[in-house]
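Undergrad: Handing you a structure now.
What follows draws every value from the coordinates through simple rules; no lab data is involved. Note that the structure is predicted; figures quoted are calculated from it, not measured. Here the Cβ positions follow ideal geometry from the backbone for every residue, glycine too, while neighbour counts run over all protein chains shown.
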Amino acid sequence: MFNLAITTIWDVRDFTSNLIEYPYLSDIIETYKQGGLVALPTETVYGLGADATNDDAVKRIYEAKGRPSDNPLIVHIYDTKQLEDFVESISEATERLMEAFWPGPITFILPLKEGVLCDRVTGGLNSVAVRMPSHPVARALLKEVDLPIAAPSANLSGRPSPTTFEHVFHDLDGRIDGIIQSTQSDAGLESTVLDCTSFPFRIARPGTITRSMLNEILPNGIDALVETSTDKPIAPGMKYKHYAPETPLKIFERLEGPIETTDEKDWSKKAFLLPASLLPFIPKQAQTIVLSTSETDIQQANHNLYAALHELDQLEDIEQAFIYGYPNMEEAEALHNRMEKAANHVYVKEEW
Ligand code: TXA
Ligand code: MG
């Protein structure tokens, strides 16, 4: 039905607030309805969307990404009324969190009601992950198509998540039916995933909505532990290698003065991903990519992290890259989680 070699690009950058007038809206909707794969912008990262009730369409998501079949997908909705179709029950505590944070960058794992979503979406689990994105384009599309849309991040499995159209194009051109071109994703890191199938709720993947923010709505309702690195994590995706750039990456934690350059090192083959405030300490010959203005601007670093990892792989002749490990504050938990995976948990010791 689809010509896989050709990926249509729909540029909606001028229509972000009023997609309804967009001339090609019906083409996009029709592509989803016929089981096509269309990448769409969201406020966290770009997603690779398909009809979550269509088994062939969902199968093609796994093929296009090269994703292991035991790693279930997040289902995207525009209205909580859609949950009646495929969620068994929603507790009052979960409802309170939905009211506080939806639409927005948080995914709730809920008990699955069988029969509507295809089995592949949930990877055979008896729960389903659901998110209501706030991005105006995503919202308009989800409303018009009026289907639950399964959407993992629109990258090849194991690669950094895409926060711009170019990132999606780089990984998936020729493998999917269409890409909706919008602006750079705001948040820049994937949603917080919260397991609401047992109480207290557990964070399965940290995101920009933190445990303190959740606890403010639901005092004592959130387990203290963020379970991300065990062999059998709540979110199966957390056990896989993730977010890795092709260039070897190490994390450095402190820099209180200029790096000494008296040795024989060829600094032109090294790159630094860091806040602008640390630029004066970096050897002149090294390449640099700025993540934020200051060492404490976590939101900016979140927003820029994946774009910086993509940019790193475009630099020529870099043999080793270093990324600044921002201060260990709660706000930076998601940033640390993604950085540690990108750097394979390797830190700079004494030697650069
Ligand atoms: O921000 C986001 O969440 C983005 C945008 C596109 O919405 N999506 C995203 O999807 O990050 P993905 O597929 O890259 O990550 C989904 C994560 C995986 O770690 C997966 O294992 C977990 O959610 N997950 C999905 N369904 C689950 C379930 N029923 N139980 C536990 N974990 C689940
Ligand atoms: Mg992903």
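Undergrad: Considering the options G178, L73, T208, tell which one lies farthest towards the positive end of the dipole of the chain, charges being +1 on Lys and Arg and -1 on Asp and Glu at the Cβ, about the Cα centre.
TA: Comparing the listed Cα positions along the dipole, L73 ranks first.
Undergrad: Any idea what the dipole of the range 1-153 comes to, in debye rounded to 20, about its Cα centre with Lys/Arg Cβ at +1 and Asp/Glu Cβ at -1?
TA: Dipole magnitude for the range 1-153 comes out near 380 debye.
Undergrad: Identify which of T208, T107, T247 has the largest mean-square fluctuation in a Gaussian network model of the chain, with springs joining Cα atoms closer than 10 Å.
TA: T247
Undergrad: Also: Please list the non-local residues whose amide H lies under 5 Å from the amide H of G49, H modeled 1.01 Å from N, same-chain partners needing a gap of 5 or more.
TA: V38, A39, L40
Undergrad: Shifting gears a bit: Can you work out ³J(HN,Hα) from phi for every residue in the range 107-115, in order, using Karplus 6.51 cos²θ - 1.76 cosθ + 1.60 and θ = phi - 60°, giving whole Hz and x for Gly and Pro?
TA: So the J values, rounded to whole Hz, are 10, 9, 8, 10, x, 7, 9, 6, x.
Undergrad: Whole-Hz Karplus ³J(HN,Hα) for the range 120-130, in order, using 6.51 cos²θ - 1.76 cosθ + 1.60 and θ = phi - 60°, x for Gly and Pro?
TA: 4, 4, 9, x, x, 6, 9, 10, 9, 8, 10
Undergrad: Something else: R0 = 45 Å: FRET efficiency of E260 with K232, Cβ-based, nearest 0.05?
TA: 0.50
Undergrad: Once you wrap a convex hull around the alpha carbon atoms of the range 120-249, what is its projected area averaged over all directions, in nm²?
TA: For the range 120-249, the mean projected area of the Cα convex hull comes to 10.0 nm².
Undergrad: Taking the Cα centre of each part, how many Å lie between the range 241-286 and the range 54-108?
TA: 39
Undergrad: Taking N as the number of residues in the range 75-180, what is its Cα Rg relative to 2.2 N^0.38 Å?
TA: 1.14
Undergrad: On to the next question. Okay, helix-only estimate at 222 nm for the chain: each DSSP H run of n ≥ 4 adds -39500 (n - 2.57), divide by all residues, round to 500 deg cm²/dmol; what do you get? Write down the numbers at each step before the final one.
TA: Numbers: 10 runs with 90 residues, N = 352.
That comes out to -7000 deg cm²/dmol.
Undergrad: Can you give the extra length, in nm with one decimal, that the chain gains between E21 and D85 once fully stretched, where that is 0.36 nm per residue apart less the Cα-Cα distance?
TA: Result: 20.1 nm gained on full extension.
Undergrad: Separation between the D70 and D223 pseudo-spin-labels, each 7 Å from Cα along Cα→Cβ, expressed in nm?
TA: 1.9
Undergrad: So what is the relative contact order for the chain, in percent, with contacts set as C-alpha pairs under 8 Å and at least six apart?
TA: 19
Undergrad: I'd like the FRET efficiency for T8 and N344, computed as 1/(1 + (r/R0)^6) with the beta carbon distance as r and R0 of 56 Å, rounded to 0.05.
TA: 0.95
Undergrad: Compute the semi-axes of the equivalent ellipsoid of the chain, taking the square root of 5 times each eigenvalue of the Cα gyration tensor, and list them largest first in whole Å.
TA: 35, 24, 18
Undergrad: Now for a separate question. Work through the residues other than F165 whose Cβ is under 13 Å from its Cβ and net out their charges, Lys, Arg +1 and Asp, Glu -1. All intermediate terms of the calculation are to be shown ahead of the outcome.
TA: Details: positive: R13; negative: D11, E166, D171, D173.
Spelling it out: positives minus negatives among the neighbours equals -3.
Undergrad: Before anything else, pin down the relative contact order of the range 1-146: Cα pairs under 8 Å, at least 6 apart, normalised by residue count, whole percent.
TA: Relative contact order of the range 1-146: 28 percent.
Undergrad: What do you get for GluC sites (Glu not before Pro) in the range 94-127 restricted to DSSP loop and a cutoff of at most 15 other Cβ within 10 Å of the site's Cβ?
TA: E114
Undergrad: Below 8 Å, C-alpha to C-alpha, sequence gap of six or more: please give me the relative contact order for the range 111-236 in percent.
TA: Here the relative contact order equals 14 percent.
Undergrad: How big is the shadow of the Cα convex hull of the range 37-96, averaged over all directions, in nm²?
TA: Orientation-averaged projected area of the Cα hull: 5.4 nm².
Undergrad: Can you list residues from other chains, or at least 5 along the same chain, whose modelled amide H is less than 5 Å from the amide H of V87?
TA: K113
Undergrad: Find which of Q299, A154, T53 sits farthest along the positive direction of the dipole of the chain, computed with +1 on the beta-carbon of Lys and Arg, -1 on that of Asp and Glu, about the Cα centre.
TA: Final value for the positive-end residue is T53.
Undergrad: So what J values fall out for the range 86-103 if you push phi through Karplus, 6.51 cos²θ - 1.76 cosθ + 1.60 with θ = phi - 60°, rounded to Hz, Gly and Pro as x?
TA: 9, 10, 5, 7, 10, 6, 5, 5, 5, 4, 5, 5, 4, 4, 6, 10, 9, x
Undergrad: Kindly express, to the nearest 10 degrees and within the range 0 to 90, the angle between helix 55-65's C-alpha long axis and the longest C-alpha principal axis of the chain.
TA: 10
Undergrad: Could you tell me what percent of the DSSP beta bridges with both partners in the chain are antiparallel, to the nearest 5?
TA: That works out to approximately 35 percent antiparallel.
Undergrad: To the nearest 10 degrees, how steeply does helix 333-342 sit against the main Cα axis of the chain, on a 0 to 90 scale?
TA: 70
Undergrad: Moving on. Taking amide H atoms as placed 1.01 Å from N in the peptide plane, list the residues 5 or more away in sequence, or in a different chain, whose amide H sits under 5 Å from that of R205.
TA: Excluding prolines and chain starts, which carry no amide H, the hits are V193.
Undergrad: Regarding the range 182-262, what is the average projected area of its C-alpha convex hull, in nm²?
TA: For the range 182-262, the mean projected area of the Cα convex hull comes to 9.9 nm².
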